[in-house]
Amino acid sequence: MTTRQFLPLFAASTILLGACALEKPPAKLKFPDGKENAAAPAAAAPAAAPAAEAAPADPKIAAGKAVYDANCAGCHDAGMMGAPKPGDKAGWAARLPQGVEVMAKKAVTGYQGKAGMMPAKGGNAQLTDAEVGSAVAFMVEKSK
């Protein structure tokens, strides 16, 4: 077969294969006009997220919450190195009788105990002693 004889066969097969291509998309999309054609609303809306914890009324405790959230939560929420979780009454039971002042001093200077250790100022030397104390007061208040 020569090229001249092949060309009409090639053109006819290309047109035939082009006609067998996928269906064309619609020229115009139609959306439901009325409410009867629209999708039915969900039976129940998903449950709302629980309200964020309210800020404590005591300004020292409120400041302690801010310090805790920014600096202490990483270890205490996970219980790293024996860190007691705020609100865990069993974890704080042996610590609460010491008093906030003693616990704050240990948090400022660092502490090595039987169950773990507390680096000085939680490893953040930029915190003031008062900020560490207010964070301890916040955790104690939440754990009573």
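The values are calculated or read from the model by the stated rules, or taken from the named source; none is laboratory data. What you see is a predicted model; the values in this text were computed from it and never measured. Glycine gets a Cβ as well: all are built from the backbone with ideal geometry, and neighbour counts include every protein chain shown.
Things worth noting here:
- Any pair with Cβ under 7 angstrom, 6 or more apart, that starts in the range 1-18 at a residue that is loosely packed, with under 10 Cβ neighbours inside 10 Å and ends at one that is at pLDDT 70 or above: none
- Pairs are defined by a Cβ separation below 6 Å, a sequence spacing of at least 6 or placement on different chains, a first member in the range 109-130 that is polar (S, T, N, Q) and in a loop (DSSP other than H, G, I, E, B), and a second member that is exposed (fewer than 11 other Cβ atoms within 10 Å of the Cβ) and at pLDDT 95 or above; no pair meets this definition.
- For the range 96-118, a tally of residues being of a type outside the set (A, V, I, L, M), closer than 15 Å to Val132 by Cβ and surrounded by 14 or more Cβ atoms within 10 Å (Cβ to Cβ) returns 3.
- Helices (runs of 4 or more DSSP H) fully within the range 1-106 counting 2 or more residues that are modelled with pLDDT of 65 or more and touching a helix residue (DSSP H, G or I) at 6+ places or on another chain (Cβ under 9 Å): 59-67, 73-76, 89-92
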